[in-house]
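Down below is the structure, laid out as C-alpha cells.
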Amino acid sequence: MFTPKRSITKAVLAVVVCLAFTAASCNVAQWIATAQADLPIVLQIVANILSIISLAQSQQQINPNVAANIQKYGAEAENLLVTLCGKVSVSDTKCAPDSLIGQYQAADASAKAALLPKIDAALASIQSHMNAILQIAHVTDQKIQIALTGAVTLVLTTLLAIQSLIPAPANATAARRALTPYPQWLLSRKDLKKAYNVQVAPQFPALALN
C-alpha cells in the first residue's frame, strides 16, 4: 500500500545520504587541491621562520638554547613537509609524485586508505612542532616577535584547516574525530602570501613572498 509519509521519509533520507556523500567527496577533493597549492608556500614560510631565528640569534635577541630548540623543531617540521609534498619551491602548485600526497593522487582506493593515516599523522606532527616553537619563541625585539608569531600562527591555521577536511583515520583520537571542517580558514595562494607578507615583510623585506 502506498503511504505518502513513508515515501516522503525515504525520499528525504535519500537526499540526505546523497548530500552527505557529495560533501565528503567535495572535502576530499578540496583538501587535495588546497594541500598541493598551499604546502609549497608553507614549506617556504617555515624556512623563513628559521631565518628569522638565525637573525635574532646573531643580534643576541634570543636565548641560544631556545634558538637551538626552535631550529630543531623547525627542521623536523621541514622534513615532514618534504615527506608530505616533496622538495618543492614556493612557485610550485603541485606536490612531487614521490611525496605522500603525490602518491595519494596516483593511488587506487585501497592504497589511498593506507596513505591517508600517514598524511594525517604528518600534518599533526608538523602542528605539534610549530606549537612547540610558538610556546618557547620569546625574542627581545618586539618587531621580530610579531613577525615570528604571525608566521608560525599562519602555518598552524593553514595546516589545521587542511587536516580538518581529511576524514579522521579509524584509530584517531577523540579530539581528532571531533575536528570539524574549517574551510573558512583556507586561503588562496595569493592571499596566503599576502597574509604572510603583512606579518613579516615590514621587518624582513628580503623574506617577502612574491
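A short reminder: the numbers here are calculations on the coordinates, not readings from a lab. Since the structure is predicted, the reported quantities are computational estimates derived from the model, not experimental observations.
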Problem - Whole-Hz ³J(HN,Hα) from phi, Karplus 6.51 cos²θ - 1.76 cosθ + 1.60, for segment 165-170, glycine and proline x - result: 8, 8, x, 5, x, 4
Problem - For segment 4-207: lysine pairs under 25 Å (alpha-carbon distance), excluding those fewer than 8 apart on one chain - result: 17
Problem - Over the chain, equivalent-ellipsoid semi-axes from the Cα gyration tensor in Å - result: 39, 17, 16
Exercise for the section: For segment 30-36, just list the computed ³J(HN,Hα) in residue order, Karplus coefficients 6.51, -1.76 and 1.60, θ = phi - 60°, integers in Hz, with x standing in for Gly and Pro. Expected result: 5, 5, 5, 4, 5, 4, 5
Fill in the blank from the handout: For segment 105-119, Karplus-derived ³J(HN,Hα) couplings (6.51, -1.76, 1.60; θ = phi - 60°; whole Hz; x for glycine and proline) come out as 4, 8, 7, 7, 4, 5, 5, 4, 4, 7, 7, 4, x, 5, 5
